[in-house]
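The structure appears right after this line, and notes come after that.
The values are calculated or read from the model by the stated rules, or taken from the named source; none is laboratory data. Everything numeric here is computed off the predicted structure, so don't read it as measured data. Cβ placement follows ideal geometry from the backbone for every residue including glycine, while neighbour counts extend to all protein chains displayed.
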Amino acid sequence: MSTIQNEYSRVDENGNFYVLDAGVERLIGSQPAMTVDAALAFYTKKYEDLEASVRLLEQRVKAKADVKSIQKSAQKLVGELESPAAIGNLQSLRDRVTAVSGSLTGLLEEAAAKQAVASAEALVAREAIVVAAEALAAKDPQKVNYKTGSAKMLELFTTWQTLQKSPAKVSKAKADELWQRFSKARNTFDSNKRQFFSAQDTLVKASKNAKSDLVAKAEALAETGAEATSAYKDLLAAWKALPKTKTKADDSLWAKFKAAGDAIYAAKSEKMAADDIAFKANLEVKMALLEEAEKIDPSKDLAAAKTAMQSIQSRWEKAGKVPRDSIKKIEDRLKAVESKIKSFEADLWRKSDPATVDRTNSVRTQLETSIAKLEADLEKAKSGGDAKKIADATDALETKKAWLAVVIANS
């Protein structure tokens, strides 16, 4: 076989292929099972594959792909282009890869700066999650809404996992420290939650037992009828004093308790209705007594009036109960008569009091003296014909006489 040669390769008479690489001929192999054209195409295809890899590397730089990934690919290509079994301008591929590697320095610095910012932001985000979790864990366990609290804690955990998967990394020491704080807060919250619901379960059971006991007592009272009203009110107060729980069992117990109360109040209503009918005759008796009482006139004979009132009061008590809607009306009328007698007696005593009599007599004497003087002044004014003096004396005289009348009326 004669030697075949082109710009970048040569094939000798033994079928060995050489590549002209950076001015130096290098044996790359032989393909005895192939024709020369097929073997040449094979090695050319190897070159084309390498060129395609370099071209892709350049495109990734233009597209601003991940710089570290580009750098890794460039380093791999440097190794592959060291002495490849390929035919083509291998040095141009090396130069292109070198150019790419050179351009990565600035990109790496830029990426490092962005990574630093992203890492700082990721650190702030994780710290915010930890602070929020610690705030939830620090709340009074008795005042926490565990439904919304649990949802919030789950949301914080999901966000934490998302941050862990992001390219922005946090130093391992800081990440571990924050994770330990976050885990501690979650564990505290979960512990508080378990203790709270455990206590609630205990409370619900105790409340259920107490309410079951109250239901049994109320149902027993319902058997006794209308007279159990007061005792049922005591049970109701005890029920209201128990902790409020919201369970189906609680609703069922309340329905039974209320039904017992309804039965008691219904029995009381029936009894009162029956009493009203039975007490109607008593009302007629008391109405007659009222008519008798309202005719009493203490001003005519106080002693007789008091005796008559005592008799009426005695008969009033013996007459018995009256319908509920009439109690206040007739009681008020009887009290009005009693007040009239007492008022008259008090007024009479006041008028008969020696000190009062002395004061009244003194004032009366003074007024009578003043009236006598004013009458003399009036006669004198009339004799003189002085109209003004007549008018003044007349007015003064009438005033004194009015005062005298008041004194006499109250003496």
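Values as computed for the structure displayed
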{"read-out": "Residue identified as under 60 Å from the mean Cα position of the chain (by Cα) and surrounded by 17 or more Cβ atoms within 10 Å (Cβ to Cβ) among Val67, Val54", "value": "Val67"}
{"read-out": "Count of residues meeting criterion [among the basic types (Lys, Arg), farther than 30 Å from Ser9 by Cβ and touching a Leu at 6+ places or on another chain (Cβ under 8 Å)] in the stretch 87-145", "value": "1"}
{"read-out": "Enumeration of residues in the stretch 214-235 that are small (Gly, Ala, Ser) and free of Cβ contacts under 8 Å to residues at least 24 places away in the same chain", "value": "Ala216, Ala220, Ser230, Ala231"}
{"read-out": "Per-region count, the stretch 185-213, residues in the same structural domain as Val144 (by TED's automatic domain parsing), basic (Lys, Arg) and either touching a Leu at 6+ places or on another chain (Cβ under 7 Å) or touching a residue at least 12 places away in the same chain (Cβ under 8 Å) (or both)", "value": "2"}
{"read-out": "Sole exception among (1) of a type in the set (A, V, I, L, M, F, W, C); (2) in contact (Cβ under 8 Å) with a residue 24 or more places away in the chain; (3) under 16 Å from Ser101 (Cβ atoms) for Ala65, by number", "value": "(2)"}
{"read-out": "Pick from the stretch 297-335, criterion surrounded by fewer than 13 Cβ atoms within 10 Å (Cβ to Cβ) and among the aliphatic types (A, V, I, L, M), ranking: nearest to Lys280 (Cα to Cα)", "value": "Ala304"}
{"read-out": "Options Val130, Val144; residue that is assigned by TED's automatic domain parsing to the domain that holds Gln180, surrounded by 13 or more Cβ atoms within 10 Å (Cβ to Cβ) and not in a helix (DSSP H, G or I)", "value": "Val144"}
{"read-out": "Residue that is modelled with the lowest pLDDT, among those in the stretch 4-51 that are among the β-branched types (Val, Ile, Thr) and surrounded by 11 or more Cβ atoms within 10 Å (Cβ to Cβ)", "value": "Ile4"}
{"read-out": "Answer residue from the stretch 218-244, given it is under 27 Å from Gln200 (Cβ atoms) and surrounded by fewer than 12 Cβ atoms within 10 Å (Cβ to Cβ) and is modelled with the highest pLDDT among those", "value": "Ala237"}
{"read-out": "Residue check, Thr247 within 24 Å of the chain's Cα centre (by Cα), farther than 30 Å from Thr158 by Cα and surrounded by fewer than 13 Cβ atoms within 10 Å (Cβ to Cβ)", "value": "yes"}
{"read-out": "Positions within the stretch 24-64 being under 30 Å from Glu13 (Cβ atoms) and not in a helix (DSSP H, G or I), in sequence order", "value": "Val24, Glu25, Arg26, Leu27, Ile28, Gly29, Ser30, Gln31, Pro32, Ala33, Met34, Thr35"}
{"read-out": "Evaluation of Leu90 against (1) under 30 Å from Ala41 (Cβ atoms); (2) surrounded by fewer than 16 Cβ atoms within 10 Å (Cβ to Cβ) (one fails), failing number", "value": "(2)"}
{"read-out": "Qualifying position, being in contact with a Gly (Cβ under 6 Å, 6 or more places away or on another chain), assigned to a helix (DSSP H, G or I) and either outside the structural domain of Glu345 (by TED's automatic domain parsing) or surrounded by 13 or more Cβ atoms within 10 Å (Cβ to Cβ) (or both), among Ala267, Ala274", "value": "Ala267"}
{"read-out": "Residue in the stretch 280-294 that is surrounded by the most Cβ atoms within 10 Å (Cβ to Cβ), counting only those that are touching a helix residue (DSSP H, G or I) at 6+ places or on another chain (Cβ under 9 Å) and closer than 11 Å to Val337 by Cβ", "value": "Ala293"}
{"read-out": "Test: residue in the stretch 21-39 that is among the hydrophobic types (A, V, I, L, M, F, W, C), assigned by TED's automatic domain parsing to the domain that holds Arg96 and within 12 Å of Pro84 (Cα to Cα)", "value": "yes"}
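Results for (1) modelled with pLDDT of 80 or more; (2) of a type outside the set (Lys, Arg), shown as yes or no for each residue.
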site	(1), (2)
Pro323	yes, yes
Arg333	yes, no
Ser339	yes, yes
Ala346	yes, yes
Lys351	no, no
Thr356	no, yes
Thr369	yes, yes
Ser383	yes, yes
Val406	no, yes
